[in-house]
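Engineer: Handing you this structure, nothing more for now.
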Amino acid sequence: EAGVAQSPRYKIIEKRQSVAFWCNPISGHATLYWYQQILGQGPKLLIQFQNNGVVDDSQLPKDRFSAERLKGVDSTLKIQPAKLEDSAVYLCASSLGPDGRGESREQFFGPGTRLTVL
Amino acid sequence: DAKTTQPPSMDCAEGRAANLPCNHSTISGNEYVYWYRQIHSQGPQYIIHGLKNNETNEMASLIITEDRKSSTLILPHATLRDTAVYYCIVRVVMNYGGSQGNLIFGKGTKLSVKP
């Protein structure tokens with residue numbers, strides 16, 4: 001079974017530039033997550049999609065970050081304009097939707113995109 | 001904020017059991033204990049989860065105290081490839097796809113397995 005795919009793996013930009021990350025979840029996974037992981041910390045959830053709808057974006061800095069999952073499959077996360085503090089690894093994860101009893105399923109993570117803002 | 005407390009680092013000799021503790025004294029009745037690990041330069045990987053009974057799978061065993069306020073992840077025969085950051089997370093599971101069951105990661109325990 002193919003895992004969660006992310007690209008690019010690495011990106012270096014200057015502050016105030018724009019950047020976009022792409023994620024292709026595991027086939028059939030209805031739920032998709034974007035996390036930000038700053039060096040030395042655990043991942044922090046930015047946004048959660050269920051199919052093509054947003055479930056939770058409470059931690060997404062909406063003045064500069066945006067994300068979409070138009071067809072309910074792959075997703076893009078964009079930062080515009082980038083700041084120095086956006087330097088981090090951006091992780092995408094996916095899971096099956098809740099089962100018939102409403103129970104959440106295990107999340108599978110991609111390898112991440114390491115962003116460096118200079 | 002994460003609802004768990006873990007030691008920042010631990011060492012273990014290769015071939016020995018690694019016992020990683022986690023304190024979750026404020027856990028609610030509907031919250032499960034989950035463990036993930038993150039090997040360097042990779043995304044987190046699910047290991048195991050449990051509610052109140054001890055659990056075992058091909059990767060590890062999870063021992064949860066009777067009062068559910070703490071747990072221990074056991075890697076029975078640690079190898080060099082088990083060197084990673086291990087995250088203990090408490091999580092509402094029955095959330096019908098809502099956000100209240102989302103994973104909230106702390107800083108985890110950095111386990112170093114030494115030859």
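Engineer: Would you mind finding the one in B:VAL33, B:VAL113 that is aliphatic (A, V, I, L, M), more than 8 Å from every other protein chain (Cβ to nearest Cβ) and in contact with a Leu (Cβ under 6 Å, 6 or more places away or on another chain)? Break it down into steps so the answer makes sense when it comes.
Structural biologist: Details: B:VAL33 fails: in contact with a Leu (Cβ under 6 Å, 6 or more places away or on another chain).
Result: B:VAL113 is the single residue among B:VAL33, B:VAL113 that is aliphatic (A, V, I, L, M), more than 8 Å from every other protein chain (Cβ to nearest Cβ) and in contact with a Leu (Cβ under 6 Å, 6 or more places away or on another chain).
Engineer: In the set B:LEU103, B:LEU62, which member is crowded, with 17+ Cβ neighbours inside 10 Å and closer than 26 Å to A:CYS23 by Cβ?
Structural biologist: Numbers: B:LEU62 fails: closer than 26 Å to A:CYS23 by Cβ.
Testing whether each residue is crowded, with 17+ Cβ neighbours inside 10 Å and closer than 26 Å to A:CYS23 by Cβ leaves just B:LEU103.
Engineer: Right, next: Identify, please: which residue in segment A:31-53 is in contact (Cβ under 8 Å) with a residue 12 or more places away in the chain and either in contact with a helix residue (DSSP H, G or I) (Cβ under 7 Å, 6 or more places away or on another chain) or surrounded by fewer than 18 Cβ atoms within 10 Å (Cβ to Cβ) (or both) and is, among those, nearest to A:ARG105 (Cα to Cα)?
Structural biologist: A:ASN51
Engineer: Only one of A:SER75, A:SER7 is touching a Phe, Trp or Tyr at 6+ places or on another chain (Cβ under 9 Å), away from chain B (no Cβ under 11 Å), crowded, with 17+ Cβ neighbours inside 10 Å and of a type in the set (Ser, Thr, Tyr); which? Let's see the steps before the verdict.
Structural biologist: Numbers: A:SER7 fails: crowded, with 17+ Cβ neighbours inside 10 Å.
It is A:SER75.
Coordinate-derived values only; no laboratory data. Since we're looking at a predicted model, the values are computed, not measured. Glycine also receives a Cβ, built like all others from the backbone with ideal geometry; neighbour counts cover every protein chain displayed.
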